[in-house]
Amino acid sequence: MKRQGVNQNMGRKYAKPPVIEAVCEFRLPPSTQWDLTIPGLVYERVREEFPHKEQRVIQNIEVTEKPDAGGIQHKITAENRAWFLTEDRNTFIQVGTRALAVNRLSPYPTWEEFRPAIEKAVSVLREVVEVSGFQRIGLRYINRIEIPSPSVELDDYFAFRLVLGEGLPQLMQGFICGAVLPFLNGRDLCKVELTNAVPESQLSTAFLLDLDYYLARPEDVSAEGVLAWVEEAHRAVEDAFEDCISDRLRELFEEMV
Amino acid sequence: MATTVSRNLQSHEVDSHLLWWNTAERPSNGAGTSKRLTDLTSESLVTGTSATSPLGVWHLPHILAPPRGSVALPQVEEVLKSLPQMQVLLPRGGEVRHYLLRHSDLCDLLPAICLAVRERFGTDTQLSLEVYRDSEIEDEYLTLYVRQRCYGPDIVEAIEEIREGYEEKLSGRSGWFLVTTDFRSPR
């Protein structure tokens, strides 16, 4: 049985990593004191590395039970967020109400190059806000995988995939498959999702492999322990990614040995 | 069951922070007065009922609303998936994806503009979404090329009319989107 929390794959490196977007997100509990000056205070401290600032409005979807309305009700709320971007726009920090996220777009460098941006953002947040804990911490990697073939057998490339019963049509027009997997005795969860995507060529097939690793028991991580959690999360996501793919995909990504 | 409703649902007043659905009331009901969602465009309004959800779910796929969540990719992929339905070509989809990931605040406008262009020019006109790069200055932006086998005298005027319909909405966005023609033959 594989031990959780141990990097089984010792950080494989690829010449063509499939990561198209990585994001580390922190959400603070409702009790956290927050005001409109905070994004500005964050920007003052990061502007050297993240000179561009923009404002975006994002949608949050909340699902609540409303027995008198027939069961479940969906609510969209709009949230203003400040975005602070690097010169090349490949990395950016988002600051919303009690929310901080650090995004890295492709070309994804290495964890050693992405992690400092996360550390910086968290450190700055703790300078300007009294952080007693986190409501949610998540580290998400979305991989876009393009295979140069108009049709593929999923089990040639993926260890995480759909299995169709023999009586079902074996050619799929589209699919989604996912699972929520527990880690570290349920302290953390990882949502793994594989879907088809729009290929760039009619001669190829594309997929999105989305791994969203997050803290399920917020009380288990203190403000001081958050970066250690992020480091553990990265090791776990890296392992999970490798356990979802086959050597044939590693060849496509051109593993650097 | 999908029901196609009117293409342009104009000026629905909604509360400044909330848009309700999955209730017995349409989204515009129970509205406040502080914000107006204009040009709410829906290609299809899906109502579905089941044993577990008797009131059904209203789904507005092309609502001109802001992007969702902390990740940019899902909304970019949604936009790219919608383009073939409007017969918009993506000769270099990777470049368009790359641009939209960095300017994801364009995602809510793109499908509606492409649809408006398609409706204006019909199915015989080729539409191609590409990233234009200016070789003389460091500038790039998204461009929707309108290409016809035989160009009529009014094409420039028609494109300008379309631009007038959306350029104001681009104000304040991080990127730029241009509808134009290069007078080339369809590829």
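Of all DSSP beta bridges in region B:108-187, what percent run antiparallel (nearest 5)?
The antiparallel proportion sits near 70 percent.
For region A:112-171, take the convex hull of the Cα atoms, compute a quarter of its surface area, and give me that in nm², please.
8.0 nm²
Return, for the Cα atoms of chain A, the radius of gyration and Dmax in Å, separated by a comma.
In Å, with Rg to one decimal and Dmax whole: 19.9, 61.
Going by average Cβ density within 10 Å per residue, which order do the peptides B:138-144, B:106-112, A:90-96, A:162-168 take, highest to lowest?
Most protected by this proxy first, the peptides run A:90-96, B:106-112, B:138-144, A:162-168.
Considering chain A as a Gaussian network with a 10 Å cut-off on Cα pairs, which listed residue, A:Glu130, A:Glu25, A:Glu146, attains the greatest mean-square fluctuation?
A:Glu130
Between A:Phe175, A:Phe160, A:Phe207, where does the largest GNM mean-square fluctuation fall for chain A, given springs only between Cα atoms within less than 10 Å?
In the Gaussian network model the winner is A:Phe175.
What percent do you get for the relative contact order of chain A when only Cα pairs under 8 Å and 6+ apart count?
Here the relative contact order equals 26 percent.
Protein chains only, probe 1.4 Å: how do A:Ser149, A:Ser123 rank by accessible area, largest first?
So, going from the largest accessible area down, we get A:Ser123, A:Ser149.
Have a look at the DSSP beta bridges in chain A and tell me what percent are antiparallel, nearest 5.
Counting only bridges with both partners in chain A, antiparallel ones make up about 100 percent.
Of A:Glu127, A:Glu153, A:Glu224, which is the most mobile in a GNM of chain A whose springs link Cα atoms less than 10 angstrom apart?
Largest GNM mean-square fluctuation: A:Glu153.
For chain A, find the longest principal axis of its Cα atoms and tell me its angle to the long axis of helix A:226-244, 0 to 90°, nearest 10.
Once rounded, one gets 10 degrees.
Using the structure shown, select from A:Lys75/A:Lys191; A:Lys120/A:Lys191; A:Lys13/A:Lys120; A:Lys16/A:Lys53; A:Lys16/A:Lys191; A:Lys75/A:Lys120 the pairs with a Cα to Cα distance greater than 28 angstrom.
Listed pairs above 28 Å: A:Lys16/A:Lys53; A:Lys75/A:Lys120.
Quick one: Debye curve from the alpha-carbon atoms of region A:198-238 only, equal weights, vacuum; give me log10 I(q)/I(0) at q = 0.15, 0.22, 0.24 Å⁻¹ to two decimals.
Result of the Debye calculation: -0.53, -0.75, -0.83.
Relative to the longest principal axis of the C-alpha atoms of chain A, give the angle of the C-alpha long axis of helix A:111-128, reported between 0 and 90° and rounded to the nearest 10°.
With rounding to tens, the tilt is 30 degrees.
Computed FRET efficiency, Cβ-Cβ of A:Glu79 and B:Cys150, R0 60 Å: what is it to the nearest 0.05?
Once the sixth-power term is evaluated, E becomes 0.80.
Please give the net charge around A:Glu48, taking every other residue with its beta carbon less than 11 angstrom from that of A:Glu48, where Lys and Arg add +1 and Asp and Glu add -1.
0
Taking the full set of protein chains and a 1.4 angstrom probe, give the accessible area of B:His103 in square angstrom, rounded to the nearest 10.
Taking all protein chains as shown, B:His103 has close to 20 Å².
Inside 10 Å of the C-beta atoms of A:91-104, what's the mean count of C-beta atoms belonging to other chains?
Average per residue, whole number: 1.
Inside 10 Å of the C-beta atoms of B:91-99, what's the mean count of C-beta atoms belonging to other chains?
3
For the residue pair A:Arg250 and B:Ser135, what label-to-label distance in nm results when each label sits 7 Å from Cα along the Cα-to-beta-carbon direction?
Going from the A:Arg250 label point to the B:Ser135 one covers 4.4 nm.
In what order, largest first, do A:Met256, B:Met86 sit by accessible area if the probe radius is 1.4 Å?
Descending order: A:Met256, B:Met86.
Hey, can you grab everything whose amide H is under 5 Å from the amide H of A:His52? Only 5+ residues off in sequence or another chain; H modelled, so Pro and N-termini drop out.
Excluding prolines and chain starts, which carry no amide H, the hits are A:Leu85.
Please return the longest stretch of chain A lacking exposed loop sites, where trypsin sites (Lys or Arg not before Pro) count only if DSSP places them in a loop and at most 10 other Cβ atoms lie within 10 Å.
A:4-257
If you take the accessible area of B alone, add that of A alone, and subtract the area of the pair, what total do you get in Å², probe 1.4 Å, to the nearest 100?
Result for this pair: about 3100 Å² buried.
The values are calculated or read from the model by the stated rules, or taken from the named source; none is laboratory data. Note that the coordinates shown come from a computational prediction; the quantities given were computed from them, not determined experimentally. Glycine gets a Cβ as well: all are built from the backbone with ideal geometry, and neighbour counts include every protein chain shown. Note: accessible area is taken over every heavy atom of the protein model, side chains too, but ligands, DNA and RNA are not part of it. Shrake-Rupley method; radii C 1.70, N 1.55, O 1.52, S 1.80 Å.
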